[in-house]
Each structure stands twice: as structure tokens, then as C-alpha cells.
Amino acid sequence: MKEKLNGNYKAKRLAGRIIATVIIGGLALMFVFPFLWMLSTSFKYEIDVMEFPVRLIPKNWNFKNYATVFLKSDFPGYYLNSIKVTFFAVAGELCITTMAAYAFGRLNFRGKKFLFTLYLSTMMVPGQVLLLPKYIYFSQLHITNTHLALILPSLFSVFGVLLMRQVFMQIPFEYTEAAYIDGASHLRIFWNLILPLAKPGLMTTLLLGFTWSWNDYINPLVFLSNEELFTLTVGLQRFQEDASTNYALIMAGATVSLIPLIILFLFTQKYFIESFASAGVKG
Amino acid sequence: MKRKRKLTQIQLREERAGYAFLLPSLIGTTIFIIIPIVMSLLLGFTEWNPMKGLAGLEFVGMENFKNIVDDERVVSALRNNLIYSFSYVPLTISIALVLATFLNKYVFFKIPIRMMTFMPYISSLVSVATVWMVLLYPESGPVNSILTNVFHVADPPKWFVSSQWALIGIIMMSVWHDVGYYCIILLANMQGLPQEVYESAAVDGASPIQTFFRITIPMMSSSLFFCITLATINSFKIFDQVNIITEGGPGFSTTVLVQAIYYYAFKEYKIGYAAAVAIVLFLVIFVFSTILQKAEEKLTY
């Protein structure tokens, strides 16, 4: 009797789980539908783009859109620019923010409390408010229309400092005390002890910084007017304006602009999701 | 009584290291964040066309703010920002919460489903906005052809070319883009909840719906507040998708504050006026985050 009840309960639970999986799975498909549609449209002939019923596998395959994107447009240049800007922005950000985080998280000095409060309070101000003063600086320094205008401000991420400080503070102080008493310099402790122990945190800062920099739109929009310097986001906008109603071609451009991050995400999704979640949980 | 203490050799060394490690960041933060914040505040009370150089800078007091009140672009932007936030935040957070609850307990294939819902968030808004623009193309775009042919909607919405539907389209797209992010934050917090409470609820015969409203929501209240605050602050900063899809149009039906700032500063070169709009943006965000913080103090335990 009892066993039968239990079995009934289990069967009911299993059925419930299957139904829930179907519903939630259907919802999840809606999240990827725009990507699938983009990908399939990029392989279609223009005449088939607006066909009904909506086909996710093209009736007639067309590879010319990609040939146009890679050979006849400025996309290769946009790629190189995005890679360059993102690389320097993220590498620089990692150096500068981890150093500051080491000072805030593991060292004592006069004025620390005041400076930390100052850092925290800047988080209140939305980044777009800083756009105008940055524009004034850069035009006075004549570095608008250079990649430096994009790289320089992103090196000083207050969010990155706060994030890494949390990570460093979780490392027990006993780990570094012995080295300290033996007379190791702080640079050594930072480089040889702290950084290796903070790898997951570094990964978080790296992935967040990478995503932010790669996807940044408003900064290149404001600071770059020379098309040769365009990154992928502003580049895609320009490409789309030029292609006007050639939607299959536009979708090929959109696919090309999304592919690197999506591939990186598919292979490292665990780190990506943990990084974004942990930044949120601690935030 | 505070006595000025003499620092030992080790403390002195530590202090020097502290300043040295902080210095690069401190210089940059001062130049690129702290001074700009002060500059923005001051610029809001000036009139300045950068084409005329620094000589064109003129102090005008409250005039910019007086003009803002009658400026259709800014007033529409503020209204659209409010409509956007009041629909985007509840939609995003409630979908994220339901999704997280299911992913936490009730479904198979958790990892691929979580991955699928998170994919839009890492994609650049520019690229996905471009895709949505074509998806919601009023004449025979895939969404509308499904609406007419499958659901027999005689007169499907004109989406981004209609002043009635454009903002709704933007909201839908933004919710789609961000749900996955709030879902993983909520899910991470949900996985940290004590399991005993759920077990005893199950023993007492509580239904999943009762469990959700009586246990999950109250126990998640502080992370829910965190997500709501984050989503609200971010929602007021909306720009990319609007500038790509509609550029604020048709008319002023989708214009938002950041876009007004961009327009005045870089299309009309009214830097002072744009800075005044930026101050309005800051104040709006400040007011909403203060209200949410006060509400959190009252409602969570």
C-alpha cells in the first residue's frame, strides 16, 4: 500500500518534470530563435528572406553573403580594431584594477577609508554622464579618432577594483604572513602568492571586461568618426546602413559580428555564467 | 583621545606599498571619473559650443533646467524612460524568477536551458537589435507573417514604424536580452537557500505554488531587491537598441534620456544643455535607487 502510494507519487513527479521541461524548453527555444533565424537567413537569397512558412533551413543555399562580408566590406578591419581595443583595454584593466584591489584589500595605509569611500561613491553615477567631459578632454588632447580614446578610460574600472578586492580579501592572511616576515616584497607577494590564488576572480574580471569592451557601442559612436578605426558594433551599424534592404546580407554581417563571443561562450559557458552570477551575488 | 602613533618600520613599508599599488588606478580614476563628475555638474549650468573653443563657455545659471521643462524631446524621453522601466523591470524580474525556480528544481536539461536563455545577454545589443529589426519588419517579417497566417491577426502591429508599438517592441527586445542575466543571479542565490525548509514544506504537503509564494519569494527577498535595483538603474541607461532600431522615432515615441544627451551633445553641439540632461538622468536614477533602498529596509528581514 505504502509502496504503491510512493510509486504513484514518483510517477506523478516524473510526469510533472517532463511537462515542465517541455514548457521551459519551449521558452528557451524562443530565446535562441532570433539567433537561428539570423544564421539561416544569412545563407538565403534575398528573395527567400520574407518567405512563409518561416524556414530555418534555407531552400536554396547562398554563400555569397559571406563572401561579400569578408571580401567586399570593411568587416576584416572592424575585426582587427575590435580585437586590438579589447585586448589592450582588458589587459590594462586587469593590471591596474588588481593592483588597486591589492592595496584596498590587503594593505593598510592612511587615507584608505576615505579613498575607498570615494571609489564607492563614483559607482552611483551612470557612465554616460562622463561622456561629455571625456569628449572635451580627448578633443583638447587631440586623441578623438584614435583607439586610445576607447582604451584609456576603460582601464580604470571601479567595478573591477571592488570585485577583485572582494576576491583578495577572501584569501586568508596567514598565507602571506610568513612570506612577509621573511622579508618578501609586496610586489613578490602580490605576483607569486595572491594572483595565483585569485585565478577564478581574475577570470571573472577578464570575461566581464572582455564582454563589455567587445560590445561597447556608445564610446566608439562618440569618439570615432574615421571609418578605418571602427570597431564591430559601429561597423555593423554602418554596414547595415549601406546594405539598406538587403536583409540576407545584413544577417550575414550580424552573424559575423556575433560569432567570436558566441563561440567563446559555448566553450566556456560554465565560467561565463559563474562569472556573471558571482559579480551579481557579491555586487 | 587619538594619539599620533609612530609607525614601525614594517607599517611604514606597508603604507608605501599601499600608495604605490593604488597610484595608477587613483590617477586614472581621478582624471577619468572624479573630475568628469564634477565637470558634468558644472557644465550643466553653462552654455557651450565646443566649436568655439574654451572662450565660448558661458555661465547661464538655471537656464538649461528651465528650458528642459518645455523641451518636448527631453520630456518625451523622460516619459518613455519611465514607461520603459515600469514595464521592463517587472517583466524581466518575474520571468527570470519563474525561470530560475524551474531550473533550480523542476526540469531536465538544466545546463543547456540556462545556456540558451543566457546567450542573448552576452551578445552585443547592436547585433541583436539589428536582427530584431528585421524579425519585426511590419510587411511580411517573420513575426508578423506568423501572426497573420497562423493566428489570423488581420492587422498585425507595425512595430518599429508605428509610434504606438515601437516602444513595446523595444521593451520586448530588451526583456529578451536581459532575462538570462537576472535568471542566473537569482538561480545562484536560490541554490544557496537552506534545503530543510523545502523538505519540511514537502512533508507538510505544500503544493509547488504554495512553496513558491510562501517560501521561495520571502527567502529570496534580498536578492530580489538587489536584482530589481540593478535592473532599474540599468533600465534608465538604455541607449544602444533605441539608437540602432528607431533613433528615438517615430516622432519622439521611443526617445530616451541618454539619447537626448547624445543628440544635444554630438548632433547640435550644445554641450552645456546636454550636461543638464545628464544631471536629470543622474537625479532620476538617484531617486529610484533611494526609494528602492528604503523599501528594501522596510520589507526584508
Failed condition for B:Gln259, given (1) in contact (Cβ under 8 Å) with a residue 40 or more places away in the chain; (2) open to solvent by 20 Å² or more (accessible area, probe 1.4 Å): (2)
Among (1) among the aromatic types (Phe, Trp, Tyr); (2) within 10 Å of chain A (Cβ to nearest Cβ); (3) closer than 24 Å to A:Met124 by Cα, the one test that B:Trp48 misses: (3)
Residue that is farthest from B:Val179 (Cα to Cα) [pool: residues in segment A:17-49 that are small (Gly, Ala, Ser) and more than 7 Å from chain B (Cβ to nearest Cβ)]: A:Ser42
Close pairs from segment B:91-102: first under 13 Å from B:Gln191 (Cα atoms), partner among the small types (Gly, Ala, Ser), Cβ under 6 Å, at least 6 apart: B:Phe102/A:Ala20
Residue within segment B:211-221 that is within 12 Å of chain A (Cβ to nearest Cβ) and open to solvent by 30 Å² or more (accessible area, probe 1.4 Å) present: no
Residue list for segment B:131-182, filter: of a type in the set (Phe, Trp, Tyr), facing chain A (nearest Cβ under 8 Å) and not in a helix (DSSP H, G or I): B:Tyr137
Residues that are among the basic types (Lys, Arg) and under 22 Å from B:Glu247 (Cα atoms), drawn from segment B:47-78: B:Arg73
Top-ranked residue of segment B:183-193 - restricted to ones that are more than 8 Å from chain A (Cβ to nearest Cβ) and either open to solvent by less than 10 Å² (accessible area, probe 1.4 Å) or among the charged types (D, E, K, R) (or both), ranked as nearest to B:Ile95 (Cα to Cα): B:Cys183
Residue among B:Leu103, B:Leu57, B:Leu43, B:Leu99 that alone is buried (at least 21 other Cβ atoms within 10 Å of the Cβ), in contact with a Ser or Thr (Cβ under 8 Å, 6 or more places away or on another chain) and of a type outside the set (Gly, Ala, Ser): B:Leu99
Conditions (1) touching a residue at least 60 places away in the same chain (Cβ under 8 Å); (2) in contact with a Ser or Thr (Cβ under 8 Å, 6 or more places away or on another chain); (3) within 30 Å of B:Met62 (Cα to Cα); number of the one not met by B:Val280: (2)
Options A:Phe88, A:Phe63: the member that is at pLDDT 85 or above, more than 30 Å from B:Ala202 (Cβ to Cβ), surrounded by fewer than 15 Cβ atoms within 10 Å (Cβ to Cβ) and more than 10 Å from every other protein chain (Cβ to nearest Cβ): A:Phe63
Sole residue being assigned to a helix (DSSP H, G or I) and either polar (S, T, N, Q) or over 22 Å from A:Ile171 (Cα atoms) (or both), chosen from A:Thr245, A:Thr211: A:Thr211
Qualifying residue in segment B:202-212 (condition: touching a residue at least 40 places away in the same chain (Cβ under 8 Å) and over 29 Å from B:Leu82 (Cβ atoms)): yes
Conditions (1) within 10 Å of another protein chain (Cβ to nearest Cβ); (2) closer than 23 Å to B:Ser127 by Cα; number of the one not met by A:Glu241: (1)
From the options A:Ala101, A:Ala198, residue that is within 12 Å of chain B (Cβ to nearest Cβ), touching a residue at least 24 places away in the same chain (Cβ under 8 Å) and open to solvent by less than 20 Å² (accessible area, probe 1.4 Å): A:Ala101
Within segment A:107-161, tally of residues that are open to solvent by less than 30 Å² (accessible area, probe 1.4 Å), among the aromatic types (Phe, Trp, Tyr) and at the interface with chain B (Cβ under 9 Å from one of its Cβ atoms): 3
Where A:Leu236 falls short, out of the listed (1) open to solvent by 20 Å² or more (accessible area, probe 1.4 Å); (2) at the interface with chain B (Cβ under 10 Å from one of its Cβ atoms); (3) at pLDDT 90 or above: (1)
Filtered residues of segment B:6-35 (kept if polar (S, T, N, Q) and surrounded by fewer than 19 Cβ atoms within 10 Å (Cβ to Cβ)): B:Thr8, B:Gln9, B:Gln11, B:Thr30
Matching option when the condition is in a helix (DSSP H, G or I), assigned by TED's automatic domain parsing to the domain that holds A:Arg106 and at pLDDT 90 or above, among A:Gly201, A:Gly253: A:Gly253
Hey, B:Glu196 open to solvent by 60 Å² or more (accessible area, probe 1.4 Å), more than 20 Å from the chain's Cα centre (by Cα), within 9 Å of chain A (Cβ to nearest Cβ) and of a type in the set (Asp, Glu) or not: no
Test: residue in segment B:120-134 that is farther than 24 Å from A:Pro53 by Cβ, out of contact with any strand residue (DSSP E or B) (no Cβ under 9 Å at 6 or more places or on another chain) and open to solvent by 40 Å² or more (accessible area, probe 1.4 Å): yes
Selection from segment A:23-49 of residues that are among the basic types (Lys, Arg) and either in contact with a Ser or Thr (Cβ under 7 Å, 6 or more places away or on another chain) or not assigned by TED's automatic domain parsing to the domain that holds A:Trp61 (or both): none
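The values are calculated or read from the model by the stated rules, or taken from the named source; none is laboratory data. All of these numbers come straight from a predicted model, not from anything done at the bench. Methodologically, a virtual Cβ is constructed for each residue, glycine included, from the backbone with ideal geometry; neighbour enumeration extends over all protein chains shown. Heavy atoms of the whole protein, side chains included, go into the accessibility calculation; ligands, DNA and RNA do not. Shrake-Rupley method; radii C 1.70, N 1.55, O 1.52, S 1.80 Å.
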